[in-house]
Amino acid sequence: MIRTDSSLAASPPPPRVPSWALPGGTVDHETDAAFFAGAALTSLDTLVRSEPPWAGAWRQRLALKCAAAAVRLAGRSEDESALRDAWYLRPAAGDPGPAGTILAAWRQLAARSPVIDTARLAEVVVLLGLRWDDGFADLPGAINDLVRSGRPAPFVAAAIAGQIVALSPGAELLAWWCADLVLAQKLRWPRPVPLLMAQAFGPAFRTQGARAAGTRIRPGGEGFEGAVCLALVQGSADACGLAGELSRRAERLAAVMPKLRAKGAGDAIKRLLDDDAVPGSLTTKTLSRFGARRLFERLQTFEAVRELSGRSSFRLYGL
């Protein structure tokens, strides 16, 4: 039997973006878009600073959504399920493939502090499958200048994305990655929350200005700053909604934890709270593969975890 984590059981319901902060139709003025973004980010900021025990799983699931959109932008067809398989079913320290390395870039964004230097930037460029441009070496300084400026966070995020695409038109993936990092720096979050890449094909970037229907506004384009504001509204609402779902599932997990008697169950629970998914074949110092399979099947019976792959073998579990 393992003890229930009191912080897990007693976590308050996460905040939601209020309905009045969600535009009910077309937003024609940038100032209105900025107001909506500020209201939505206030709710998200409250959630981030509360640092719930399932925050790791929350950030990594948002990273997966961003990676799926990034893979689409790169011209590939892998969806979230295929990306999960590429990442979790690879051999230990194995190559997850081109799509999997794109996921690795967003997982890294979600897991590390929002500090950037040339070495980290070079690592991310490789993960995103891009070529290094000598102008990228100046980006850490440009990011620092933008963060220290008096401009609001959404406009700083839009500015760095526009600068990167102006520098290297083929580096749009890097532009979106850096936009979320800069947003976290500006808001003084301990770790970034992957948001904007997941919205890149959404309505915020299709409905601004006089663009033809179906035309996507790219970083630096006309109306991009207002579009980023609206994308942050939807991204914040989606992130808060996901937090609500994970909070309820974590409460269910806390309720059944006293019933668990498997040796090493605590390690598996921590993994579930810290990551998007956990392989059913998990092994730890105190948990065998057979023990893990029994544990996850029991948790699934209690409706405390979900099986995410839909397969009868090579299963993946998560909140």
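A short reminder: the numbers here are calculations on the coordinates, not readings from a lab. Please read these numbers as outputs of a predicted model, since none were measured by experiment. All Cβ positions, even for glycine, are placed from backbone atoms using ideal geometry, and neighbour counts span all protein chains on display.
Test of understanding: what is the full-extension gain from Arg151 to Lys263, defined as 0.36 nm times their sequence separation minus their Cα-Cα distance?
Values: separation 112, 0.36 × 112 = 40.32 nm, distance 5.24 nm.
Roughly 35.1 nm would be gained on extension.
What percent do you get for the relative contact order of the range 28-243 when only Cα pairs under 8 Å and 6+ apart count?
Once divided by the residue count of the range 28-243, the mean separation gives 29 percent.
With angles folded into 0 to 90 degrees, how steeply does helix 289-301 sit against the dominant principal axis of the chain? Use alpha carbons for both and round to 10. So the helix axis and the longest Cα principal axis differ by about 80 degrees.
Taking the longest Cα principal axis of the chain as reference, the axis of helix 224-256 is set at about 10 degrees. Compared with the direct C-alpha span, the chain from Asp32 to Arg131 gains 31.9 nm at full extension, assuming 0.36 nm per residue. Judged by the mean number of other Cβ atoms found within 10 Å, the most tightly packed of the peptides 272-278, 199-205, 136-142 leads the ranking 272-278, 199-205, 136-142. For the chain, the longest principal axis of the alpha carbon atoms and the long axis of helix 30-50 meet at an angle near 30°.
Projecting the Cα atoms of Ser149, Thr301, Pro169 onto the charge dipole of the chain (Cβ charges, centred on the Cα centre) puts Thr301 farthest toward the positive pole. Relative contact order for the range 196-296: 18 percent, from Cα pairs under 8 Å spaced at least 6 residues apart, divided by residue count.
With neighbour counts taken as other beta-carbon atoms within 10 Å, the residues Ser19, Ser309 rank, fewest first, as Ser19, Ser309. The alpha carbon centroids of the range 134-194 and the range 294-308 are separated by 40 Å. Considering only Ser236, Thr283, Leu196, and ranking their Cα positions along the charge dipole of the range 178-319 that arises from unit charges at the beta-carbon of Lys, Arg, Asp and Glu, the one farthest toward the positive end is Thr283. On the basis of the beta-carbon distance and an R0 of 25 Å, Asn144 and Gln108 show a calculated FRET efficiency of 0.80. Backbone geometry of the range 189-198 corresponds, through the Karplus equation with coefficients 6.51, -1.76 and 1.60 at θ = phi - 60°, to 3J(HN,Hα) couplings of 7, x, 9, x, 10, x, 10, 6, 4, 5 Hz, x marking Gly and Pro.
Amide H contacts for Leu308 (H built 1.01 Å from N in the peptide plane; partners 5 or more residues away or on another chain; cut-off under 5 Å): Leu316, Tyr317, Gly318. A simple spin-label model places the labels of Arg16 and Leu89 3.6 nm from each other, with each point 7 Å out along Cα-to-Cβ. Karplus-derived 3J(HN,Hα) values for the range 129-146, using 6.51 cos²θ - 1.76 cosθ + 1.60 with θ = phi - 60°, are x, 9, 8, 5, 10, 4, x, 5, 4, 8, 5, x, x, 5, 4, 4, 5, 5 Hz; glycine and proline are entered as x.
The reciprocal of the average 1/r between distinct C-alpha atoms defines the Kirkwood hydrodynamic radius, which for the chain equals 20.5 Å.
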